[in-house]
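Peer 1: I'd like to ask you about the structure that follows.
Please treat every number below as a calculation from the coordinates, not as lab data. Here the structure is a predicted model, which is why all the values come from computation and not from measurement. Backbone-built Cβ (ideal geometry, glycine too); neighbour counts: all protein chains shown.
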Amino acid sequence: MAKASDVKSGNILRFNGELVSVEEFIHRTPGNLRAFYQAKMRNIKTGKLVEYRFRVDEAVDIARVETSDYQYLYDDAEFFVVMDNETYEQFNIPKSLFGNSARFLKEGMSVIVAFESDEPIMGSTPKSVELEITYTEPAVKGDTSTNALKLATVETGVEIRVPLFINVGDKVKIDTATGDYVERVK
């Protein structure tokens, strides 16, 4: 067990039986009162934000979390199968850990997975991915005076909005967090 003074932003704590990620951890000394730590923590499973005040000498349980790069292999119903690049061991990771950005995963991409006691607790995709356009309507000539967008389907089957000059076969860079078009890749 560690003391509250040992906690830093980014740590994973076991708090009230749940795993939480510390987003903000501030030391406060209000006037002539006792000092304390004000923490903002996000529940890893539910995503719910929790605020709590720790006494300076309060015991906390800092979870031992191992984060590593893995290669995404394929989609298996409710799981993504990933492979450790060093040991070639394969793991089934629940899709829910990757959130909405999982729809842009392509076989062979590198992902980051965090494990706590052999249980996957977090998964993240790259910030942006480069995917090929498989279908889009041709642009109408002369319709380029505004920032007009059209729908396009990328190779993972997701529809995104792209500028009119994008054609079938073009590679585009996509922000995985928002699903927005970033730029055309040459």
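Peer 1: Given a 10 angstrom Cα cut-off, can you work out which residue in Thr156, Thr46, Thr176 is the most mobile in a GNM of the chain?
Peer 2: Of Thr156, Thr46, Thr176, the most mobile in the Gaussian network model is Thr46.
Peer 1: For region 2-62, what does the equivalent ellipsoid look like in terms of its semi-axes, each the square root of 5 times an eigenvalue of the Cα gyration tensor, given largest first in whole Å?
Peer 2: 21, 12, 9
Peer 1: Restricting to Cα pairs below 8 Å that are 6+ residues apart, what does the relative contact order work out to for the chain? Please round to a whole percent.
Peer 2: About 14 percent, as a whole number.
Peer 1: With the alpha-carbon atoms as the only input, what is the per residue convex hull volume for region 128-185 in Å³? Kindly include the intermediate steps, with their values, before the conclusion.
Peer 2: On the way: hull volume 4.1 nm³, N = 58.
Cα convex hull per residue, to the nearest whole number: 70 Å³.
Peer 1: While we're looking at this one, here's another question. Using the Cβ atoms and a cut-off under 15 Å, what net charge is assigned to the surroundings of Val154, where Lys and Arg are +1 and Asp and Glu are -1?
Peer 2: That sum, taken over residues with Cβ under 15 Å, equals -3.
Peer 1: Right, next: Under a crude label model (7 Å from the Cα following the beta-carbon direction), how far is Ala35 from Gln71 in nanometres?
Peer 2: In this crude label model, Ala35 to Gln71 measures out at 5.0 nm.
Peer 1: So what's the Cα pair-distance distribution over the chain, bin width 10 Å, in %?
Peer 2: 8, 27, 24, 20, 13, 6, 1, 0
Peer 1: Go through region 25-78 and name the GluC sites (Glu not before Pro) that are in a DSSP coil and have 13 or fewer other Cβ atoms within 10 Å of their Cβ. The partial results should precede the final answer.
Peer 2: Working: sites: Glu51, Glu58, Glu66, Glu78; in loops: Glu58, Glu78.
Passing both the DSSP loop test and the Cβ count: Glu78.
Peer 1: Let me ask another. Filter the GluC sites (Glu not before Pro) in region 107-186 down to the DSSP loop ones having no more than 13 other Cβ atoms within 10 Å, then list what survives.
Peer 2: On the way: sites: Glu107, Glu116, Glu130, Glu132, Glu155, Glu159, Glu183; in loops: Glu107, Glu155.
The qualifying sites are Glu107, Glu155.
Peer 1: If you look for lysine pairs in the chain that are eight or more places apart or on different chains, how many of them have Cα atoms under 16 Å apart?
Peer 2: Qualifying lysine pairs in the chain: 13.
Peer 1: Okay, moving on. Mind checking region 89-123 for trypsin sites (Lys or Arg not before Pro) that DSSP puts in a loop (not H, G, I, E or B) and that have at most 16 other Cβ atoms within 10 Å?
Peer 2: Lys106
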